[in-house]
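The values are calculated or read from the model by the stated rules, or taken from the named source; none is laboratory data. Quick caveat, the model's predicted, so the values are computed rather than measured. No Cβ is skipped: glycine too gets one built from the backbone with ideal geometry, and neighbour counts run over all protein chains shown. Ligands, DNA and RNA are excluded from the accessible area calculation, which covers all protein heavy atoms including side chains. Shrake-Rupley method; radii C 1.70, N 1.55, O 1.52, S 1.80 Å.
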Amino acid sequence: MLRAAAWVHWGLFRLCTGLSVRMASSGIAQKGVLANRVAVVTGSTDGIGLAIARRLAQDGAHVVVSSRKQQNVDRAVAVLQGEGLSVTGTVCHVGKAEDRERLVATAVEHCGSVDFLVCNAGVNPPVGSTLGASEQVWDKILDVNLKAPALLLSQLLPHMENRRGAVILISSIAAYMPHVELGAYNVSKTALLGLTRTLALELAPKDIRVNCLVPGVIETDFSKVIHKNKAFWKSFKENMRLQRIGQPEDCAGLVSFLCSPEASYISGENIVVAGFSPRL
Ligand SMILES: NC(=O)c1ccc[n+]([C@@H]2O[C@H](COP(=O)([O-])OP(=O)(O)OC[C@H]3O[C@@H](n4cnc5c(N)ncnc54)[C@H](OP(=O)(O)O)[C@@H]3O)[C@@H](O)[C@H]2O)c1
């Protein structure tokens, strides 16, 4: 009863603070559990990020899509708008400070404020062993996979306050089950589990929840190196009980749930979507 009243109050509060700006910007009436809320998703023109952007928009959010290449942003925006979804887009290489600033400015300009940040963009240059990685490779992996989510969040945070928002980081099953050929990538994804816990602690006083999606092998361009390599794939599959490769849509529903009021008491969790994984 108390909880229902709190959400009604919160809904009225949101109606009074910027909703008109958002509705005018999208021109599409929003329905669904995330209606009248705004999500920024990085690396969202393909693969898991695109599936997440689509699902959040299907569930009612206005979504700001982004990635490094303008033609990919244009294509994703056109495809999603063609499905009747409320999206805008801009170029953002998450490793570049000026691009992160533009992403924040675009979101604020179009939407007034932001409720959800999904840090999906990740990089996996062919690295091999951790000790064999050059300093340049270390820098690239840590800049994009680990530092960028924290830096982008710090830039976006002033526009997320007092909105009962949520942040979702995207790690990898390689965080728990490191693979020899993925070297520093494994390390960056393990560090994201820690970043999730620390940010959840730091942002709790602001009522912003922070959780982490930990995908297994999902069929995208990114994972071709794994699922097209028979030996590599065999070793992964031995640990997998559902015996199929995951699809981007297998990840998207969890992210929408974690943004929704249904998850309002869930923060600091790293949640695996991997068709079973052998860890405690
Ligand atoms: N697929 C898997 O099996 C798997 C498993 C575990 C974890 N993950 C994680 O899931 C995330 C997404 O992977 P995915 O498989 O969906 O990849 P994907 O299909 O290759 O898509 C990657 C997306 O990110 C964009 N992107 C790449 N580098 C970027 C950067 N530096 N800044 C901004 N955008 C960038 C790409 O567009 P542009 O080329 O236009 O930039 C594209 O939209 C990654 O963090 C990855 O580590 C994937």
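What to note about this one:
- Mean separation of Cα contacts under 8 Å, 6 or more apart, over the residue count of the chain: relative contact order %: 18
- Mean-position separation - Cα centroids, region 136-185 and region 89-111, in angstrom: 16
- Principal axes of region 144-198: Cα extent on each, largest first, Å: 43, 18, 14
- Size descriptor, Kirkwood hydrodynamic radius, that averages inverse alpha-carbon separations across region 125-265, Å: 16.5
- The trypsin sites (Lys or Arg not before Pro) of region 58-166 that meet both conditions, a loop assignment by DSSP and at most 13 other Cβ atoms within 10 Å of the site Cβ, are 69.
- With helices as the sole contributors, the chain gives -13500 deg cm²/dmol at 222 nm; each DSSP H run of n ≥ 4 counts as -39500 (n - 2.57), and the sum is divided by every residue.
- Unsatisfied cross-links (Cα-Cα over 28 Å) in the set 96/237; 189/230; 31/206; 140/228; 69/140: 96/237
- Local electrostatic count, residue 92, Cβ distance below 11 Å [Lys/Arg +1, Asp/Glu -1]: +2
- Taking 56, 201, 152 as the candidate residues, the one with maximal mean-square fluctuation in a Gaussian network model of the chain, Cα springs under 10 Å, is 201.
- Screening the chain for whole DSSP H helices with an alpha carbon extent of at least 24 angstrom along the helix axis and a mean Kyte-Doolittle hydropathy of at least -1.0 yields 183-203.
- Accessible-area ranking of 31, 224, 189, largest first, probe 1.4 Å: 31, 224, 189
- Within the shell of other residues whose beta carbon sits under 12 angstrom from the beta carbon of residue 208, the net charge comes to 0, with Lys and Arg scored +1 and Asp and Glu -1.
- Most fluctuating residue given options 90, 106, 42, as computed from a GNM of the chain linking Cα atoms under 10 Å: 106
- More than 33 Å apart - percent of Cα-Cα pairs taken over the chain: 19
- Solvent-accessible area of residue 207 with every protein chain in place, 1.4 Å probe, in Å² to the nearest 10: 80
- For the chain, built as a Gaussian network whose Cα springs stay under 10 Å, the top-fluctuating residue of 210, 180, 33: 180
- Accessible surface of region 41-177, 1.4 Å probe: 50 percent of it comes from carbon and sulfur atoms.
- Kirkwood analysis of region 191-280, using all unique Cα-Cα pairs, places the hydrodynamic radius at 14.6 Å.
- Heavy atoms of the protein chains alone define the surface here; on that basis region 2-273 has 45 Å² accessible area per residue at 1.4 Å probe size.
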